[in-house]
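Readers should treat all values here as calculations from the given coordinates under stated rules, not as data from a laboratory. Fair warning: this is a prediction, and the values are worked out from it, not measured in the lab. Positions of Cβ are generated from backbone atoms using ideal geometry, with glycine treated the same way; all protein chains shown enter the neighbour counts.
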Amino acid sequence: MARVGIDLGTSNSLISYWNGDSAKLIPNALGDYLTPSAVSMADDGAIIVGQPALDRLITHPERSVASFKRWMGTDHQVKLKGKQWRAEELSAIILKSLKEDAEAFLNEKVTDVVISVPAYFSDPQRKATLNAAHLAGLNVSRLINEPTAAALAHGLEATAEGQFLVLDLGGGTFDVSLLHKFDGVMEICASSGDSLLGGNDFRDALSRFILAKHKLAFESLQSAEKQRILKEATALKKVLTDRAECEYRIEWRQTLLEGRLMRQEVEEVWQPLISRLRKPIERVIRDAGVSTSSIDQIVLVGGASRMPLVRNLVTRLFGRFPLIHPKPDHAIAIGAAIQAALHARDGALDEIIMTDVCPFTLGISAKNAAYTLEEAVMSPIIERNATVPQSREQFYSTVHERQQKIDVAVYQGENLRPSQNILIGRIEVPVPPDKAGHQSIGVRFTYDVNGALEVEVRVMSTGEAHRKVFNNQSGLSEAELERRFAELANIKTAPRDQQENIAIIARAERLYAEHIGESRDEISAILMEFLSSLNSQTLRDVDQLRASFTQKLNAFETGWNSPL
């Protein structure tokens, strides 16, 4: 059975496998390792995934969607071709596509996988990820925190022992973990992060900055125009990673937007985001109780970690240069495959022990009899960064005369006020009527490596116990999950052997939308020529046809890459 790991990302997703002595990435139908986390609906109702779906965000914005990972664990829905879609379903489509890529590459069925999630994903977000996997026909043997996966990929390669700080800045999330490696054990000491901060936020800020230069407001744009400027800003962000300045030229509404951008001025625009990056880093150092000088290496992973501003921030904070992972986009998927091999007790990894932590505080809402305050407060039972699996118990007493029941409300979060934290669920426990404070309960929390929480409440005077496992708090009932699973199974996807044609046609249509005048006419002509040749009964070499068409399209793919 294949040992498979998946990095289900906000911008891109990857799948990898353990080949017996190392983890290897699996290419998709287009031969790429990175599959954009984008979904689009074709005219005939077929689902299009990946790069062609990303291109269709510009040409068919009402039928396309991306960056839906940020909706995981919420009731947010998007309408595509007359149907409402949740983030779980859209993520399931990506997972299903990755599954098909792996089965085609490995020539065997893929069922059991390890999936990475941001360390700071809440309980509902983790359960939504599990639901997405279920909808895709996958069994998740383990959810692994993204910086933990990156640390595992780095730790396996690193020969030295010591403390390593892993900073993972992806497209939509930022995670930080402190790893202690010693005597064959890789222990996560502390984790923190921001699940609403990533490379896309830098892209969005840059988009607004460029539009402001031309007295345009992002909110006033049509859907296709918004996607167009976001795509261009993504390309520009990459250019400014390698250059101190660059020029841009955008054909826009029958006119031309052009100008020059300096990296320094753009970094000033990004300063509020950089300030947000500091907080999780400082929290991890504080929670782990270590000094910055005791950290042996700082490792940067995630595609957005390539930005010089991020590297400069880390250098200033720690007084030394960070270690840049050679392929920051790949590290998490590699680590997930290693974890899959560990879970399967692969002989090559017998000597490696990996521990992880609970990223959030788990507790209940309780009143303190020592104070006259009527408002309940958060009473922690398992505090953040406790090693998992973890089991802890706290005791509570009744607060009212003749009280007959206790409502145990379970929360996740760091705020003193329960209302500001995430409600995971409730257990109502009957108690014998008695004087206030005379009846007590023991509340035990047991938290496992996948983020499943079991709560046991014991009435001390009677010994009666009530247990509940909170493992489906994502807003979907089991019946709703099965209904949506059946619906997804009946939806057709574009044939795998047609993916290259779909992708190149979507690219041509996107270039047509981006250009005006003679360029647009030329793109239209070569697209019609390609489609005509593709449908010709005399076609002998489709690969040569695609190569020739691609070469012609390359001449129009200028984007932000204008020379200085």
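Data overview
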{"item": "Separation between Cα centres of the stretch 19-68 and the stretch 422-459, rounded to whole Å", "result": "44 Å"}
{"item": "Rounded if a/c under 1.5, otherwise prolate or oblate - the stretch 398-486, Cα gyration tensor axes", "result": "prolate"}
{"item": "In nm, spacing of pseudo-spin labels at Arg392 and Thr550 (7 Å Cα→C-beta vector)", "result": "5.4 nm"}
{"item": "Simple Cβ-charge dipole of the stretch 30-88, Lys/Arg +1 and Asp/Glu -1, about Cα centre, in debye nearest 20", "result": "200 debye"}
{"item": "In range of the label at Lys279: residues from the stretch 184-206 whose backbone nitrogen is under 17 Å from the point 7 Å along Cα→Cβ", "result": "191-199, 201-202"}
{"item": "DSSP beta bridge pairing in the chain, given as percent antiparallel to the nearest 5", "result": "80 percent"}
{"item": "Contact order normalised by residue count of the stretch 362-470, Cα under 8 Å, 6+ apart, percent", "result": "25 percent"}
{"item": "Part-to-part distance (alpha-carbon centres) for the stretch 487-550 and the stretch 70-101, which is given in Å", "result": "25 Å"}
{"item": "21 Å Cα-Cα reach of Lys435 towards lysines, excluding residues that sit fewer than 8 places from it in its own chain", "result": "Lys367, Lys405"}
{"item": "Residues of type lysines that Lys237 reaches as a straight line, Cα spacing below 17 Å, ignoring anything fewer than 8 places off in the same chain", "result": "Lys213, Lys226"}
{"item": "Within the stretch 1-81, trypsin sites (Lys or Arg not before Pro) in DSSP loop having at most 16 other beta-carbon neighbours inside 10 Å", "result": "Lys81"}
{"item": "Expected 222 nm ellipticity per residue - DSSP helices of 4 or more, -39500 (n - 2.57), all of the chain, to 500", "result": "-11500 deg cm²/dmol"}
{"item": "Given the chain, longest segment not containing exposed loop GluC sites (Glu not before Pro) (DSSP; at most 11 other Cβ within 10 Å)", "result": "109-350"}
{"item": "Which of Ser524, Ala503, Ser548, positive extreme of dipole for the stretch 496-554 (C-beta unit charges)", "result": "Ala503"}
